[in-house]
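Trainee: Sharing a structure, written as structure tokens. Questions coming.
The values are calculated or read from the model by the stated rules, or taken from the named source; none is laboratory data. All values reported here derive from a predicted model rather than from experimental measurement. Virtual Cβ from ideal backbone geometry, glycine too; neighbours counted across all protein chains shown.
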Amino acid sequence: KSVWQKGFLESGAPKEEHFEIKESELSGVTADNQPEEDGAVIVEVRYMSCDPYMRGFLKSQGRPAEEGKKIVSAFVSGIILASRNENWKVNDLFGGSLPLSTVQVVPAKAVAGLWNLSQYIGEESLSQGIGALGMPGSTAYGGFIDVLEPKEGQTIFVSAASGAVGSIVGQIAKNVYKCTTVGSCGGQAKCEHIKSDFGYDHAIDYKSIDQSGADKGAAELKAKLKEAVPMGIDMYFENVGGIHFDAAMNSLRPKGRVAVCGGISGYNDKDGPRQEVDILSLIYTAQRIEGFVCTPWLTGQQGNFLGDMSQWIKEGKVKVEETTYNGVEQWATAFNSLFENTHRNKGKVVVKV
Ligand code: NDP
């Protein structure tokens with residue numbers, strides 16, 4: 001079974017009707033269930049990720065509309081069923097970016113891109129391969145440690161603080177780097193949750209802010225930040241954009257750093273997300289705004305992401321929280337929940353195949 005997208009959606013939230021599940025025969029397999037190609041493996045996907053960046057798949061960007069298209073690059077984790085690759089054996093646990101298909105033959109050239117999770121987790125924790133020990137975890141790790149360059153005792157503001165990335169940024173900041181942490185999320189219940197479960201010192205409910213006027217919304221959010229941390233913030237981990245970016249920039253201390261990870265509040269806009277920056281203020285305060293993608297940490301080119309993160313999880317410094325949607329048929333519902341009805345979710349949203 002595979003997840004296919006149907007057509008394009010330039011603006012608005014992605015819904016169930018924009019995707020469908022199709023079944024097909026597996027090709028490239030011998031009569032005794034081995035990969036035909038030397039170097040290939042056959043995998044069973046146990047967990048499929050849905051991540052905010054996938055909203056971009058639905059934007060046509062000038063491409064002609066197609067009837068349907070299989071989703072061929074998404075983060076998944078699972079188990080090796082058969083192998084003709086000397087680096088992989090049956091029952092090894094893997095994570096990686098592959099098509100959203102429940103069982104598949106991974107061609108030899110794509111096998112090198114999989115990461116072996118067997119030394120870090122057991123089968124019961126495979127969901128972490130698309131979360132804390134996968135793409136979102138590496139994003140939190142790289143963005144916080146290398147982009148923000150934290151110093152002990154500094155103050156960080158994190159938006160989308162209850163989600164896959166934000167929940168981990170907050171915990172590394174608090175429990176490893178001894179920072180003061182302020183998180184923003186939607187609703188009072190989530191605010192209580194990020195304080196009790198992820199150790200945030202302060203939580204701001206951005207949904208309680210009137211956002212009908214961007215300037216007014218940003219000013220209100222800035223006031224809430226000031227109430228929480230009167231001396232301002234040293235770092236901002238940007239996941240959302242819009243009023244969050246503006247309020248954070250206006251609360252950032254001299255030499256402050258901003259890691260631009262995402263801008264989910266603008267993903268459903270045709271041309272979003274976009275932001276204005278006060279160049280002169282940036283110059284005179286020697287502040288730094290830096291965008292990044294997770295790849296160097298995920299692929300081991302930078303840092304020791306898998307080693308450090310698995311250790312912090314074992315030591316209880318990073319608590320893993322996931323919201324599970326059961327069955328590949330639930331994938332589109334899970335994806336929609338990143339943008340609408342978000343109150344259901346805590347931590348990483350995972351689809352258990
Ligand atoms: P989440 O699991 O946190 O899901 C998205 C969350 O965003 C929702 O739960 C919701 O939380 C919040 N949200 C949705 N719409 C809005 C809105 N309009 N305003 C404010 N908050 C909103 O996602 P991730 O943790 O996986 O991703 C967080 C960000 O990081 C995204 O922008 C994503 O694109 C980015 N990212 C970037 C990567 C990189 O390499 N640069 C890699 C991975 C992620 P709530 O209920 O609190 O509103």
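Trainee: Could you tell me whether any residue of region 124-147 is more than 19 Å from GLN311 (Cβ to Cβ), within 14 Å of the ligand (Cβ to nearest atom) and over 16 Å from the mean Cα position of the chain (by Cα)?
Mentor: Yes, because at least one residue in region 124-147 is more than 19 Å from GLN311 (Cβ to Cβ), within 14 Å of the ligand (Cβ to nearest atom) and over 16 Å from the mean Cα position of the chain (by Cα).
Trainee: Regarding region 293-310, can at least one residue be identified that is acidic (Asp, Glu) and surrounded by fewer than 15 Cβ atoms within 10 Å (Cβ to Cβ)? Talk me through it step by step, then tell me what you get.
Mentor: In the first step, residues of region 293-310 are kept if they are acidic (Asp, Glu); the result is 308.
Filter once more, keeping what is surrounded by fewer than 15 Cβ atoms within 10 Å (Cβ to Cβ): none.
Checked against the condition, which is being acidic (Asp, Glu) and surrounded by fewer than 15 Cβ atoms within 10 Å (Cβ to Cβ), region 293-310 yields no hits at all.
Trainee: Additional query: Evaluate the following for ILE279: is it under 22 Å from PHE19 (Cα atoms), among the aliphatic types (A, V, I, L, M) and in the same structural domain as TYR236 (by TED's automatic domain parsing)?
Mentor: No: the conditions fail for ILE279.
Trainee: Kindly indicate whether any position in region 240-248 is modelled with pLDDT under 95 and touching a strand residue (DSSP E or B) at 6+ places or on another chain (Cβ under 7 Å).
Mentor: The answer is no, given that none of the residues of region 240-248 is modelled with pLDDT under 95 and touching a strand residue (DSSP E or B) at 6+ places or on another chain (Cβ under 7 Å).
Trainee: Related question: It is to be established whether one or more residues within region 263-271 are away from the ligand (no atom under 13 Å from the Cβ) and crowded, with 18+ Cβ neighbours inside 10 Å.
Mentor: no
Trainee: Sticking with this structure for a sec: If you take the residues in region 202-239 that are at pLDDT 95 or above and polar (S, T, N, Q), which one is farthest from GLN154 (Cα to Cα)?
Mentor: Selected residue: SER208.
Trainee: Now for a different question. Exactly one condition in (1) in a strand (DSSP E or B); (2) within 26 Å of VAL165 (Cβ to Cβ) is false for VAL105; which is it?
Mentor: (2)
Trainee: Any chance region 71-87 includes a residue that's modelled with pLDDT of 95 or more, among the hydroxyl-bearing types (Ser, Thr, Tyr), within 16 Å of the ligand (Cβ to nearest atom) and surrounded by 15 or more Cβ atoms within 10 Å (Cβ to Cβ)?
Mentor: Within region 71-87, one or more residues are modelled with pLDDT of 95 or more, among the hydroxyl-bearing types (Ser, Thr, Tyr), within 16 Å of the ligand (Cβ to nearest atom) and surrounded by 15 or more Cβ atoms within 10 Å (Cβ to Cβ).
Trainee: For SER60, indicate whether it is free of Cβ contacts under 8 Å to residues at least 60 places away in the same chain, among the hydroxyl-bearing types (Ser, Thr, Tyr) and part of a strand (DSSP E or B).
Mentor: When the stated conditions are applied, SER60 does not pass them.
Trainee: Follow-up question, since we're still on this one. Sort out which residues of region 276-292 are surrounded by fewer than 16 Cβ atoms within 10 Å (Cβ to Cβ) and polar (S, T, N, Q), and write them in order of number.
Mentor: Hits for region 276-292 are SER281, THR285.
Trainee: Find the residue count for region 150-200, including only residues that are among the small types (Gly, Ala, Ser) and in contact with a Phe, Trp or Tyr (Cβ under 8 Å, 6 or more places away or on another chain).
Mentor: Summing the residues that are among the small types (Gly, Ala, Ser) and in contact with a Phe, Trp or Tyr (Cβ under 8 Å, 6 or more places away or on another chain) in region 150-200 gives 10.
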